[in-house]
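What follows is one structure encoded as structure tokens, with my remarks underneath.
The values are calculated or read from the model by the stated rules, or taken from the named source; none is laboratory data. The model shown is predicted, which means the values in this text are computed figures rather than measured ones. When we count neighbours, we look across all protein chains shown, and the Cβ atoms used for this are built from the backbone with ideal geometry, even at glycine.
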Amino acid sequence: MNDAILTLPRTHAMPFGALPNPAGGVDFRFWAPDAPQVLLELGTQAHPMVRDAEGWHRLRLAQARAGDRYRFRMPDGLQVPDPASRFNPADVHGPSEVIDPAAYAWRDGGWRGRPWSEAVIYELHVGSFTPEGTFDATRARLPELAALGITAIELMPLADFPGRRGWGYDGVLPFAPDAAYGRPEALKALVDEAHGLGMMVLVDVVYNHFGPEGNYLHACCPQFFNDAHRTPWGAAINYDGPGSATVRDFFIHNALYWVEEFHADGLRMDAVHAIRDDSPVGIVQAICDALREGPGRTREVHVVLEEDRNLAHLLERDKEGRPRIATAQWNDDLHHAAHVLLTGERDGYYADYAQRPLELFARALAEGFVYQGQASVFREGETRGEPSAALPSGAFVSYLQTHDQVGNRAFGERIDALADPVLVRAARACLLLSPHTPMLFMGEEYAAATPFPYFCDFGPELAAAVSQGRRDEFGRFAAFADEAARAAIPDCNAPESFALAKLDWSERERSPHRETLEGVRQLLQLRRERLVPHFGGRQHGGEYEVEDDLLRVRWTLSDGAVLHLLACFGEHRHAVDAPPGETLHSVGALGEAVDAASAPDEHPQRLRLARGAVHLSLQVSDVE
């Protein structure tokens, strides 16, 4: 491949923001329909912009260059950063910086992505993944993840958020990678490195709200919000009211921007159930369509949803097995059932999984969703979900923990700190050896002992309200009914809370973390070498049964091969007929081979399964 292709620059063309003009200078564009006049401030100079009938303010400034800092001044004197800023080096209240996206020379010209059937996802938070908390430091660790068997990293939201630390879900500048992590070029280098290692990069995006601090859109462009829809964050983003066409364009361009300008391989869309949109074609589908019909024409591009309503129709495939809308969805049902099974906790939303958790875990493994139209106890009888058994298992991103399920605990404890390691190891094997799309949360591969508490860095007034509100929220749980117990919950705004979340990479070299890491490595190698070749978009869900504390799941894969899983989660010992096919994995509670009783050739082999045992076999003899 020639060097011209290898170093091809990438720029996403959009009507918003600032962009150097090839003929010289910089083009500035700002949508503020209610403002009769907007000034562009560049250095110490203010320049009147030209307004058109639709409320666009434009100016080409010949003396402007990449690296210049600018902002817009409203008629009342309010100074605002560019809502489409590509970089805000002085945080969300400071000026924006002109970025030349063509300045970065990419080296991944031959990259066309990877099929979804090969995805093994690793969710990470850039700020706490390494001691440095930067794009550059994350990039340096990627070879270790690739060697482990990770094929996709999912970056928690990068959009500029207030302060120096935060989860990213309170971002207010959707096009600007947060300056605490590094410059845009550093993020591009991270993606470039990942692609060189054969790894996809997914970016977590938030299109259901803007954060409470640093959002100037209410003041400079109230058309971004629709008071007809109310959300936990106030008026909803305006996807369906007057002026919504431009707002929809803003977010569609944002999705394309991450995939085209940063060469991401797809997006994880946060809490789409919280989006209010009565349009004939909802914004979620519009974004998926734009990605599929744009960059998706020449390479693999994937969209993963977080969707609390279990809307299976969003994951439907066409006759060729390709997604009609989204590629996959985070599968909280599997997590919740597994969590109750492993820990016995039944508070809050876990109440919906309190009865027969092993059966619900098995159903999730076989059919994806647990709730497919049943009434929810936690939701006071409200029905939830659509039938999902006809969907391919790969449409479900499944996990034992995520930033949400760990970080929304009072102290941010991980599953390995809460449950019997024997059962956790068994559940993890069930997940990693299933046809689901598995996801690990950073550090999970070695059972990290570091917690992941919620942390943020709001201004003083908001900080106090958020900290108190979080403690009050936990007052609903029996363990925190006492005020003294609530007071012990870490202050989410304290720097110490952020420090607690940083991974300790030295743990990987010590027992028992070293053994966990090696176990995950072996499981992912088995998945890659023996299972992935049989996966594909046409495979449907499986069948399951539960006998006492033993689960059985059987999946017929895309090429006709049959995958059999047995797992024991109780104290009873089971003597069972071995499933047909070649044994791929057979490990007991102590990591020893499961004892197979000898039997004449004409009889099935017998297995004796103890607590924590997992047996996997693959039947391919009848496949043509």
Restricted to the range 110-139 and to residues being in a helix (DSSP H, G or I) and of a type in the set (Ser, Thr, Tyr), the residue surrounded by the fewest Cβ atoms within 10 Å (Cβ to Cβ) is Ser117
Taking the range 457-489 only, how many residues are touching an Asp or Glu at 6+ places or on another chain (Cβ under 7 Å) and of a type outside the set (Ser, Thr, Tyr)?
4
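Yes or no, residue by residue, for (1) more than 24 Å from Ala426 (Cα to Cα); (2) among the aromatic types (Phe, Trp, Tyr); (3) surrounded by fewer than 13 Cβ atoms within 10 Å (Cβ to Cβ):
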site: Gly348; (1), (2), (3): yes, no, yes
site: Gln355; (1), (2), (3): no, no, yes
site: Leu360; (1), (2), (3): no, no, no
site: Gly381; (1), (2), (3): yes, no, yes
Go through (1) surrounded by 14 or more Cβ atoms within 10 Å (Cβ to Cβ); (2) among the basic types (Lys, Arg); (3) not assigned by TED's automatic domain parsing to the domain that holds His585 and name the single condition Arg554 misses.
(3)
Single residue of the range 237-252 satisfying the filter (part of a helix (DSSP H, G or I) and out of contact with any Pro (no Cβ under 9 Å at 6 or more places or on another chain)) that is surrounded by the fewest Cβ atoms within 10 Å (Cβ to Cβ)
Ala245
On the given criteria, is Ala255 within 18 Å of the chain's Cα centre (by Cα), within 29 Å of Ala119 (Cβ to Cβ), without any contact (Cβ under 8 Å) to a residue 60 or more places away in the chain and buried (at least 18 other Cβ atoms within 10 Å of the Cβ)?
yes
If you check His263, His302, which single one turns out to be in contact (Cβ under 8 Å) with a residue 24 or more places away in the chain, of a type outside the set (Ser, Thr, Tyr) and within 20 Å of Ser117 (Cβ to Cβ)?
His302
Please count how many residues of the range 220-237 are at pLDDT 95 or above and within 24 Å of the chain's Cα centre (by Cα).
2
Of the residues in the range 423-453, those that are among the aliphatic types (A, V, I, L, M) and within 21 Å of Ala395 (Cβ to Cβ) come to Ala427, Leu431, Leu432, Leu433, Met439, Leu440
Checked pairs for the range 401-419, first small (Gly, Ala, Ser) and at pLDDT 95 or above, second crowded, with 20+ Cβ neighbours inside 10 Å and assigned to a loop (DSSP other than H, G, I, E, B), C-beta under 6 Å and 6 or more apart or across chains, list as Gly412/Phe452; Gly412/Pro453
Tell me whether the range 562-570 contains one or more residues that are surrounded by fewer than 20 Cβ atoms within 10 Å (Cβ to Cβ) and either modelled with pLDDT of 80 or more or not small (Gly, Ala, Ser) (or both).
yes
Those residues of the range 361-389 which are of a type in the set (A, V, I, L, M, F, W, C) and under 18 Å from Arg309 (Cβ atoms), in sequence order:
Ala364, Phe369, Val370, Ala375, Val377, Phe378, Ala389
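Residues are listed down the side, and each one gets a yes or a no for (1) aliphatic (A, V, I, L, M); (2) crowded, with 18+ Cβ neighbours inside 10 Å; (3) touching a residue at least 60 places away in the same chain (Cβ under 8 Å):
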position: Asp27; (1), (2), (3): no, no, no
position: Ala32; (1), (2), (3): yes, yes, yes
position: Leu40; (1), (2), (3): yes, yes, no
position: Gln45; (1), (2), (3): no, no, no
position: Val50; (1), (2), (3): yes, no, no
position: Ala53; (1), (2), (3): yes, no, no
position: His57; (1), (2), (3): no, yes, no
position: Arg60; (1), (2), (3): no, no, no
Filter pass, Glu473 being of a type in the set (Asp, Glu) and closer than 26 Å to Asp347 by Cα:
yes
Run Ala146 past the list (1) under 22 Å from Ser398 (Cα atoms); (2) of a type in the set (A, V, I, L, M, F, W, C); (3) not in a helix (DSSP H, G or I) and report the number of the one that doesn't hold.
(3)
Please count how many residues of the range 258-301 are part of a helix (DSSP H, G or I) and basic (Lys, Arg).
2
Selection over the range 412-440 where residues are in contact with a strand residue (DSSP E or B) (Cβ under 8 Å, 6 or more places away or on another chain), over 14 Å from Ala613 (Cβ atoms) and small (Gly, Ala, Ser) yields a count of 1
If you go through the range 66-80 one residue at a time, do you hit one that is assigned to a loop (DSSP other than H, G, I, E, B) and buried (at least 20 other Cβ atoms within 10 Å of the Cβ)?
no
Determine whether Ala179 is under 23 Å from Arg69 (Cβ atoms) and surrounded by fewer than 20 Cβ atoms within 10 Å (Cβ to Cβ).
yes
Determine whether the range 204-211 contains at least one residue that is part of a loop (DSSP other than H, G, I, E, B) and of a type in the set (Ser, Thr, Tyr).
yes
Hand me the list of helices (runs of 4 or more DSSP H) wholly inside the range 473-538 holding 2 or more residues that are modelled with pLDDT of 95 or more, hydrophobic (A, V, I, L, M, F, W, C) and within 16 Å of Glu118 (Cα to Cα).
513-526
Determine whether the range 313-335 contains at least one residue that is in the same structural domain as Leu433 (by TED's automatic domain parsing), in contact with a Lys or Arg (Cβ under 7 Å, 6 or more places away or on another chain) and part of a strand (DSSP E or B).
yes
Whether any residue in the range 171-186 is closer than 21 Å to Leu462 by Cα, touching a residue at least 12 places away in the same chain (Cβ under 8 Å), under 18 Å from the mean Cα position of the chain (by Cα) and assigned to a loop (DSSP other than H, G, I, E, B) is what I want to check.
yes
Out of the residues in the range 355-385 meeting the condition of being assigned to a helix (DSSP H, G or I) and among the acidic types (Asp, Glu), tell me which one is nearest to Gly344 (Cα to Cα).
Glu359
From the options Leu187, Leu217, Leu197, residue that is in the same structural domain as Ser244 (by TED's automatic domain parsing), farther than 14 Å from Thr138 by Cβ and at pLDDT 95 or above:
Leu217
